[in-house]
Structures are given as C-alpha cells and as structure tokens.
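Trainee: Have a look at the structure that comes next, please.
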Amino acid sequence: MSQGPETQFIASVHRLLPSVDEFYRMKNHNEYNGGIADCWYSARLDLWIEYKFVDLPVRPDTMISIVDGKKPSLSKLQQEWIKGRVNEGRAVWVIVGCKIGGILTRQSWGPGRWRAEDFKAQCLTRPQIAQAIMEFCH
C-alpha cells in the first residue's frame, strides 16, 4: 500500500477516531472504477470524504487549488462522482490536508482555491477534523 503524504494524512486522522468496531469506516480503492471518494464513514449518518494533500507554499499569496488541474487537483472523474452523490442527497466532503492540519469543505469543494495565507488561517487540526467527522456521523 502506498505510504505517500495523502495516505499518511488519512491514517493520522483515522488514529484519532474510535476503533472500527465502534465507528465504521472504509478506505476505498477500486482500480476498475475511478472517481470514488477515498473513505466512507458510517454511523447514524453516512459520510464520504475525498482527501487531498498539499505542501504549503512559502509565499502567502501563492494560490492553492484543487480545481484547476494542478496537484492536488480533483480529477474530472472525482468531480463528477462527488456531484452525482451530492445530487442524490448524500453527504460528501473534501478535505485538503497539509503538514499543519487541513481545510474541510462540506457537500462540495468550496471555492476550490485559496491563497496560502488564507488556507493556513482556515486550517483545522487533525483532532478537530476527526471530531467534525464523528459529530456529523453521530
């Protein structure tokens, strides 16, 4: 299994959740069907999350984008899959992680673009992200 920064970020959030016996989650990987969100969480409510990971730029005005084709962009398949599930009434979030935490967008990917300075200011810690997932699902 890949141990890239995105996978490590997801694992760091999952370590803060109760055990899978208490709070079910599934990491998705399907090489035959692209676009599916990275993780599915299930309790009283279901939640799908697509994770991305970005190295924070040094310059405060540098743009971070997940919609314009640059890394860590949402692929066209991912965008279509997310829109399709949202149109069905399902909860889908996109979390853009970084070394210091992450930005959580609900039901879509928000603006999809942030100045590095604004991204840092809006970052939640990993415990805050795990808490948001738990609160939503319960």
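Trainee: Order the peptides 88-95, 122-129 from the highest to the lowest mean number of other Cβ atoms within 10 Å of their residues.
Mentor: Highest-to-lowest ranking by the protection proxy: 88-95, 122-129.
Trainee: Could you state the angle between the C-alpha long axis of helix 126-137 and the longest principal axis of the C-alpha atoms of the chain, as a value from 0 to 90 degrees rounded to the nearest 10?
Mentor: In the chain, helix 126-137 runs at an angle near 40 degrees to the longest axis.
Trainee: Continuing with this model, one more query. Please determine, in degrees from 0 to 90 and to the nearest 10, the orientation of helix 5-14 with respect to the longest principal axis defined by the Cα atoms of the chain, where the helix direction is its Cα long axis.
Mentor: The answer is roughly 50 degrees.
Trainee: Follow-up. Once neighbouring chains are kept in place and the probe is 1.4 Å, which whole percent of the accessible area of the chain is contributed by carbon and sulfur?
Mentor: 50 percent
Trainee: For Ser108, what accessible area in Å² do you get when you roll a 1.4 Å probe over the heavy atoms of the protein chains, rounding to the nearest 10?
Mentor: Approximately 40 Å² of Ser108 is accessible to the 1.4 Å probe.
Trainee: Relative contact order for the stretch 36-82: what percent, with Cα pairs under 8 Å and sequence separation of 6 or more?
Mentor: The value is 33 percent.
Trainee: Placing unit charges on C-beta atoms (Lys and Arg positive, Asp and Glu negative, everything else neutral), compute the dipole magnitude of the stretch 1-105 about its Cα centre in debye, rounded to 20.
Mentor: 140 debye
Trainee: Over the stretch 33-138, what is the mean sequence separation of C-alpha contacts under 8 Å (at least six apart), divided by residue count, expressed as relative contact order in percent?
Mentor: 33 percent
Trainee: Treating the angle as unsigned and between 0 and 90°, give the value, to the nearest 10°, between the Cα long axis of helix 76-87 and the longest Cα principal axis of the chain.
Mentor: Helix 76-87 sits roughly 50 degrees off the main axis of the chain.
Trainee: Where only protein heavy atoms count, and the probe is 1.4 Å, what is the accessible area per residue for the chain in Å²?
Mentor: Per residue, the chain has an accessible area of 57 Å².
The values are calculated or read from the model by the stated rules, or taken from the named source; none is laboratory data. These figures come from a predicted structure and were not determined experimentally. Note that we place each Cβ from the backbone using ideal geometry, even for glycine, and neighbour counts take in every protein chain shown. Side chains are part of the model used for accessible areas, which takes the heavy atoms of the whole protein and leaves out ligands, DNA and RNA. Shrake-Rupley method; radii C 1.70, N 1.55, O 1.52, S 1.80 Å.
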